[in-house]
């Protein structure tokens, strides 16, 4: 039972990491389309994904 819960916990953590990575990519693509560069891009991506 504990191993199953541990696997579920790891799966949930993996899904969260994938979701955050996808959000980062989506925001980065948006910054590229808008031609945002340098430190402005870093800040844009950070605020876009809500960090």
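What follows draws every value from the coordinates through simple rules; no lab data is involved. Keep in mind that this is a model prediction, so the values were computed, not measured. Virtual Cβ from ideal backbone geometry, glycine too; neighbours counted across all protein chains shown.
Structural remarks
- Descending by average beta-carbon neighbour count within 10 Å, the peptides 28-36, 8-16 line up as 28-36, 8-16, the highest first.
- Here is how the number arises for the chain: DSSP H runs of 4 or more residues each give -39500 (n - 2.57), the sum is divided by the residue count, and the result at 222 nm is -29500 deg cm²/dmol.
- Model label sites at residue 6 and residue 39, defined 7 Å from Cα along the beta-carbon direction, differ in position by 4.6 nm.
- Rh by Kirkwood over Cα pairs, then Stokes-Einstein D for segment 3-46 at 1.306 mPa s and 10 °C, µm²/s: 133
- Annotation: extensible slack from residue 15 through residue 28 equals 2.7 nm (criterion: 0.36 nm per residue apart, minus Cα-Cα distance).
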